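The values are calculated or read from the model by the stated rules, or taken from the named source; none is laboratory data. Owing to the predicted nature of the structure, the values given are computational and were not obtained by experimental measurement. Virtual Cβ from ideal backbone geometry, glycine too; neighbours counted across all protein chains shown. Heavy atoms of the whole protein, side chains included, go into the accessibility calculation; ligands, DNA and RNA do not. Shrake-Rupley method; radii C 1.70, N 1.55, O 1.52, S 1.80 Å.
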Amino acid sequence: MKSCCFNLKFLPLIIAVLCSPVCITVSQAHDVDLSGNHPQVRESGTPSGDSYRNASDGESRAGLPHDSPIGGMDGRIISGIVAQSSRDSSKKSSETEKVWKGEELSLLAIGLGVGDVDGDGKNDIVVADPSNIYVHRFNAGQMSLMTEYNSGNLEIKSIDVAKIRKQGPARIYVSAQNRGSIASFVLEYRGGSLTPVAQDFPYFLRVINYPTRGPILLGQRKGMSRMYEGPVFNIEDKGNELVQGDRFGVPLKIPIFGFTIGDFEGQRKPLIAAYDREDHLRIYEPSGKRLYVSKSYYGGSDIILRWVGPEISKDTEKDLSVDTAYVRPRLMSLDTNKDSRYEILAISHSSKTMRMLSRTKMLEEGRIKGLVWTGDALEEKWATPKVQGMITDFTIDTLPGMEGPRLITLERKKTDWLAFLRSRSQVRAYDLQSLISDGISGSSKESEE
């Protein structure tokens, strides 16, 4: 523990945190231990600069044409951003048009996804807590529960909603653990309910949106000595099973959670942005060369990945705590201005414990920031307003009845790991163009010390 040479006004808070339970067993409500249409996945090599420059040869594996899809949406959506910007530049949107707030949900939300789950041509909102997946229809500005799925003894760690296959509706890809083992699964909406179509897959799963290819499914195994160890692989969805493909071209130091790829300099060459374990944001070249580490904090999570089951002895848990690994939250890249220069969309939080306690950060005042890489540093261009709690997940997509793309966030307003139903969560949808316009005018940005 760090030295106690700090202001005594923090002493009650530290005592309260240290005396609170840190690890809850599965028997106590399965807690998490405090912790479209695009081509089917094809072979992917290292995202080198040459593969970007050779985009005109018709190969799809790493090209970056100016009309590339973003955020899992097709080219019509990105064109809509630009068109809407020119049409509405002189029009003042009302507050209700800028941000939509859903009703509070009595659950401990950990994951969010948006997609056409039921195949009716309209996007649905999917929310996950540590034991359940909830699918909501969105109609007339209201979320209504359509169906839900209980994961039984599995602890849900993250979700993604994407249409990876040409056939059928969007599927829900779930990273889950059975005690210390990875047991990820895939859900599809059939006959009015969610049906598992692939189960017990021993890889953490994550969908990222790659320039020119849209959403692609990735996977990574748990290591022997470190949670994030070994390469990230392409994962192919074969319909009723998932199959490991070729290695995905990111350095071994980049884990599957919390990274994104984009042309951040507008020079038709890829760079990688990633959260690190201390909640800083790093910029890498595809070779693994580190270009930058932020001084500010980004990301942050309280979802721990288990090494073993909750029934282990305290001594064993103490030995394993040296490599406590969290699910690093989502990071996205987006060409908001269609100028071939991708922005980085990152989560930002403050911490009640000033991040002095690695396992209990007590994150709050969450927001999403739009960042530009200048070649030397990250510059904030726009940001969502601060919310009271922590933002656990976000995405960019369209919602029925709302014009233009929306930045959709999942906020945990109140966290109670002992009783999930006492927690409070909320979905919000921001008008993306309004956020960008407010950023240009300087009204959405905050000064950083």
Pick from segment 159-210 the residues that are small (Gly, Ala, Ser) and in a strand (DSSP E or B): which of them is nearest to residue 225 (Cα to Cα)?
181
Look through segment 311-338, keep the residues that are open to solvent by 20 Å² or more (accessible area, probe 1.4 Å) and closer than 28 Å to residue 112 by Cβ, and return whichever of them is modelled with the lowest pLDDT.
323
Step by step: first the residues of segment 152-168, then only those that are open to solvent by 40 Å² or more (accessible area, probe 1.4 Å) and among the polar types (S, T, N, Q), then the one that is farthest from residue 302 (Cα to Cα). Which residue is that?
167
Of the residues 247, 221, 226, only one is touching a helix residue (DSSP H, G or I) at 6+ places or on another chain (Cβ under 6 Å) and either of a type outside the set (Ser, Thr, Tyr) or within 30 Å of residue 287 (Cβ to Cβ) (or both); which?
226
Residues within segment 238-281 that are of a type outside the set (A, V, I, L, M), in contact with an Asp or Glu (Cβ under 7 Å, 6 or more places away or on another chain) and surrounded by fewer than 20 Cβ atoms within 10 Å (Cβ to Cβ), tallied:
4
Search result, residues across segment 116-132 that are open to solvent by 10 Å² or more (accessible area, probe 1.4 Å) and over 17 Å from residue 395 (Cβ atoms)
118, 119, 120, 121, 132
Inspect segment 217-224 for any residue being modelled with pLDDT under 95, on the phi > 0 side of the Ramachandran plot, open to solvent by 10 Å² or more (accessible area, probe 1.4 Å) and not basic (Lys, Arg) and give the result as yes or no.
no
Matching residues in segment 262-285 - criterion: being part of a loop (DSSP other than H, G, I, E, B) and in contact with a strand residue (DSSP E or B) (Cβ under 6 Å, 6 or more places away or on another chain)
264, 270, 276, 280
Return a yes/no flag: does segment 133-151 have any residue that is open to solvent by less than 50 Å² (accessible area, probe 1.4 Å), out of contact with any helix residue (DSSP H, G or I) (no Cβ under 7 Å at 6 or more places or on another chain) and modelled with pLDDT under 95.
yes
So which residues in segment 235-261 are modelled with pLDDT under 95 and part of a strand (DSSP E or B), if there are any at all?
none
Restricting segment 80-128 to residues that are closer than 23 Å to residue 438 by Cβ, in a loop (DSSP other than H, G, I, E, B) and of a type outside the set (D, E, K, R), the residue that is modelled with the highest pLDDT:
102
Restricting attention to segment 399-449, and to residues there that are more than 18 Å from residue 130 (Cβ to Cβ) and of a type in the set (Lys, Arg), which single residue is modelled with the lowest pLDDT?
445
